[in-house]
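So the structure is just underneath, and the comments pick up after that.
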Amino acid sequence: MLKLNNYIDGTLKTPHSGTYLDNIHPATGKVYSLIADSTEEDIHQAVRAAQTAFPSWSGLSLKERHNYLLRISQLIASKSKALAKAESKDNGKPLWLAEQVDIPRAVDNFEFFATSILHFSSESHQMPGRAINYTLRKPLGVVGCISPWNLPLYLFSWKIAPALAAGNTVVAKPSEITPMTAYLLAEICIEAELPPGVLNIVFGSGLKAGDPLVRHPDVKAISFTGGTATGRHIAQVAAPMFKKLSLELGGKNPNIIFEDCDYDRMLKVTLRSSFANQGQICLCGSRIFIERPIYERFKRDFVEQTASMMVGDPNDPNVHLGAIVSEQHLEKILSYIELAREEGGRILTGGKRVYPAGELKGGYYLRPTIIEGLDYHCRTNQEEIFGPVVTITPFDTEAEVLAMANSTPYGLSATIWTNDLARAHRLAEDIESGIVWINSWLLRDLRTPFGGTKQSGVGREGGMEVLRFFTEPKNVCVAY
Ligand code: NAD
């Protein structure tokens with residue numbers, strides 16, 4: 001069985017523990033490869049390699065770093081079919097989704113930051129007649145990147161590419177649930193002849209491999225995407241060590257639909273924003289608020305179209321939803337559906353596990369689920385479920401829906417459907433979230449600041465924001 005070994009100092013290395021974790025194929029529930037069960041020793045080795053590589057990597061010209069990153073982007077593009085297959089197999093997502101979204105976005109991430117570093121600039125502040133201040137922006141040194149399982153290569157590269165572009169060397173830990181494309185990226189880096197130690201990829205669990213990375217005194221910054229509870233723990237460890245921290249955490253995003261919206265477009269996009277990637281996108285709109293005059297119409301159409309969605313074999317091009325990422329996560333989602341029932345919710349469609357025939361019968365499939373009749377304060381409407389489960393709730397006034405939208409501890413993204421321009425701008429200003437989509441969803445321009453407010457995170461990724469995160473500003477004041 002294939003063993004995914006660590007990529008440290010330019011080569012693939014067995015873990016110090018000599019042990020491996022099972023990597024499960026969610027579509028069948030069977031083990032299909034083994035992952036290095038890394039520990040503190042492997043992290044130490046990776047950090048040392050990254051430290052050694054730092055002076056020469058940070059000393060390269062911008063154009064030289066640009067060339068390496070562009071080469072990686074091109075290699076990902078040239079292997080996109082195989083990478084999409086691997087991503088779908090590892091995560092359970094439909095193959096067409098990995099082909100259309102995950103892998104093209106990884107190509108774009110490397111290309112975007114390869115290019116944006118050429119355009120990155122710092123400020124100067126003049127004191128007329130007296131002095132000029134200018135800001136130097138230097139790379140931090142060795143940085144740690146930790147990513148989740150829902151968009152594996154997409155989010156892994158979203159951190160690694162800017163960190164490297166800015167001149168840092170990196171120790172990265174992908175999720176132990178979806179390590180395969182990170183492993184394939186290691187092979188790509190070897191093929192691209194990325195200098196040894198510039199990027200190190202250490203596999204393993206959060207506790208045994210992630211935690212020592214966060215605690216390592218020579219790691220200057222942690223860029224983390226994952227759950228809010230993990231983010232809180234990481235902040236408790238890293239903040240007293242004065243590390244720079246970027247935390248991209250959970251969400252419970254509102255999708256607000258007004259009567260005056262473009263109904264057909266809204267319905268089509270709402271199906272996607274509810275259930276794409278089995279609802280396992282941090283930006284999915286899991287709380288849908290509908291203006292009362294169109295509530296019954298929306299409910300009928302939304303339930304009908306959701307009930308006709310196909311759930312099953314991720315390789316089937318007609319399938320809408322593939323497998324949930326793991327048995328444990330499926331159990332968590334099912335427990336929330338049970339909770340919704342206990343809280344008085346009515347399951348309008350879904351709510352049940354699906355058992356396809358043949359080889360797939362042991363896979364983790366769930367029907368997309370719509371629940372109504374819940375108070376916006378209840379746990380189902382307050383806690384992140386992170387699966388194909390949405391609630392629908394009618395509202396009467398803008399003030400009422402704003403209060404409901406802002407009622408959770410999260411603040412990642414929001415979607416508003418209306419053709420009233422003034423109302424759209426008003427709400428966009430007052431909604432407590434880092435990202436607001438008006439009449440769209442998941443329309444992404446990589447130059448924009450990306451991140452959440454409240455318990456959805458600290459800091460921003462994307463564009464120049466992330467290059468600022470991965471560099472340390474120093475003001476130089478020259479008197480004349
Ligand atoms: P998770 O927090 O369980 O794990 C994320 C990563 O952290 C994994 O690599 C894991 O091994 C590692 N980890 C776990 N414990 C650790 C520790 N003590 N120290 C260091 N590392 C540790 O999250 P998950 O279940 O993989 O991902 C789902 C969550 O991610 C959801 O809450 C989702 O909303 C969130 N998410 C957020 C964004 C965003 O941009 N805000 C994007 C995608 C996913």
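Couplings 3J(HN,Hα) of the range 25-34, computed from phi: 8, x, 5, 10, x, 9, 6, 10, 7, 10 Hz, in residue order, whole Hz [Karplus 6.51 cos²θ - 1.76 cosθ + 1.60, θ = phi - 60°; x for Gly and Pro]. Across the range 463-479, rounded Karplus estimates of 3J(HN,Hα) from the backbone phi angles (6.51 cos²θ - 1.76 cosθ + 1.60, θ = phi - 60°) give x, 6, 4, 6, 5, 5, 4, 7, 9, 10, x, 9, 8, 10, 10, 10, 7 Hz, Gly and Pro being marked x. Extension gain for the segment ARG272 to GLN126, taken as residue separation times 0.36 nm less the Cα-Cα distance, is 47.6 nm to one decimal. In the neighborhood of GLY285, defined by Cβ-to-Cβ distances under 11 Å, what is the net charge if each Lys or Arg adds +1 and each Asp or Glu adds -1? Net local charge, GLY285 excluded: +3. Over the chain, dividing the summed -39,500 (n - 2.57) contributions of all DSSP H runs of at least 4 residues by the number of residues returns a 222 nm mean residue ellipticity of -11500 deg cm²/dmol. Return one number: the angle in degrees, 0 to 90 and rounded to the nearest 10, between the long axis of the Cα atoms of helix 228-238 and the longest principal axis of the Cα atoms of the chain. For 228-238 against the chain, the angle is about 20 degrees. Of the chymotrypsin sites (Phe, Trp or Tyr not before Pro) found in the range 198-244, the ones in coil according to DSSP and having at most 12 other Cβ atoms within 10 Å of their Cβ are PHE242.
For TRP417, the accessible surface of its heavy atoms amounts to roughly 0 Å² (probe 1.4 Å, protein chains only, rounded to the nearest 10). Sorting THR52, THR11, THR418 by accessible area puts them as THR52, THR11, THR418; the probe is 1.4 Å, largest comes first, and only protein heavy atoms count. Spatial offset of the range 375-449 relative to the range 1-60 amounts to 39 Å, using the alpha carbon center of each.
Placing +1 on the Cβ of every Lys and Arg and -1 on the Cβ of every Asp and Glu, with no other charges, gives the chain a dipole of roughly 920 debye about its Cα centre.
Distant-in-sequence amide contacts of TYR365, defined by a placed amide H-H separation under 5 Å and a gap of 5 or more residues or a different chain, comprise ILE324, VAL354. DSSP assigns beta bridges within the chain; of those with both partners inside it, close to 45 percent run antiparallel. Within the range 323-480, the proportion of C-alpha pairs whose separation exceeds 22 Å stands at 58%.
Here the range 243-355 has 47 percent of its accessible surface on carbon and sulfur atoms, given a 1.4 Å probe and all protein chains in place.
When the alpha carbon gyration tensor of the range 121-250 is reduced to an equivalent ellipsoid, its three semi-axes come out at 30, 19, 13 angstrom, largest first. Considering only THR225, ALA209, ALA192, and ranking their Cα positions along the charge dipole of the chain that arises from unit charges at the beta-carbon of Lys, Arg, Asp and Glu, the one farthest toward the positive end is ALA192.
In the context of the full set of protein chains, the range 253-445 has a per residue accessible area of 40 Å² (1.4 Å probe). Only protein heavy atoms count here; under a 1.4 Å probe, ASP108 has an accessible surface of about 70 Å². For the range 176-190, the Karplus equation 6.51 cos²θ - 1.76 cosθ + 1.60, evaluated at θ = phi - 60°, returns couplings of 5, 7, 9, x, 5, 6, 5, 5, 5, 5, 4, 4, 5, 5, 5 Hz by residue, with Gly and Pro reported as x.
Mean projection of the Cα convex hull over all viewing directions, computed for the chain: 23.8 nm².
Each Lys or Arg adds one and each Asp or Glu subtracts one; over the other residues with Cβ under 12 Å from the Cβ of GLY434, this totals -2. Among the trypsin sites (Lys or Arg not before Pro) within the range 55-138, those in coil by DSSP and having at most 15 neighbouring Cβ atoms inside 10 Å are ARG130. Nothing charged except the Cβ atoms of Lys and Arg (+1) and of Asp and Glu (-1): what's the magnitude of the dipole of the range 253-445 about its Cα centre? Round to the nearest 20 debye. Its charge dipole is roughly 500 debye.
A 1.4 Å probe over all protein chains sorts MET180, MET1 by accessible area into MET1, MET180, starting with the largest. A probe of 1.4 angstrom, applied to the heavy atoms of all protein chains, finds PHE258 with accessible area near 0 square angstrom.
The C-alpha atoms of the chain define a longest principal axis, and helix 421-430 lies at about 60 degrees to it.
In the calculated pair-distance distribution of the range 1-101, the portion above 16 angstrom amounts to 70 percent of the Cα-Cα pairs. Given the options PRO293, TYR355, ILE281, identify the residue whose Cα lies farthest towards the positive end of the charge dipole of the range 253-445 (+1 on Cβ of Lys, Arg; -1 on Cβ of Asp, Glu). With unit charges placed on the Cβ atoms, the residue in question is TYR355.
Residues TRP149, TRP158, ordered by accessible area of protein heavy atoms at a 1.4 angstrom probe radius and largest first, appear as TRP149, TRP158. Net charge of the neighbourhood of GLN382, taken over other residues with C-beta under 13 Å away and scored Lys/Arg +1, Asp/Glu -1, is 0.
Dividing the mean sequence gap of close Cα pairs (under 8 Å, 6+ apart) by how many residues the chain holds gives a relative contact order of 19 percent. Summary of the geometry: the range 302-357 and the range 139-197, compared by the centres of their Cα atoms, lie 32 Å apart.
The values are calculated or read from the model by the stated rules, or taken from the named source; none is laboratory data. Everything quoted here is computed from the prediction, not taken from an experiment. A quick note on method: Cβ atoms are made from the backbone with ideal geometry, for glycine too, and the neighbour counts reach across all protein chains shown. These area figures cover heavy atoms from the full protein model, side chains too; ligands, DNA and RNA do not enter into them. Shrake-Rupley method; radii C 1.70, N 1.55, O 1.52, S 1.80 Å.
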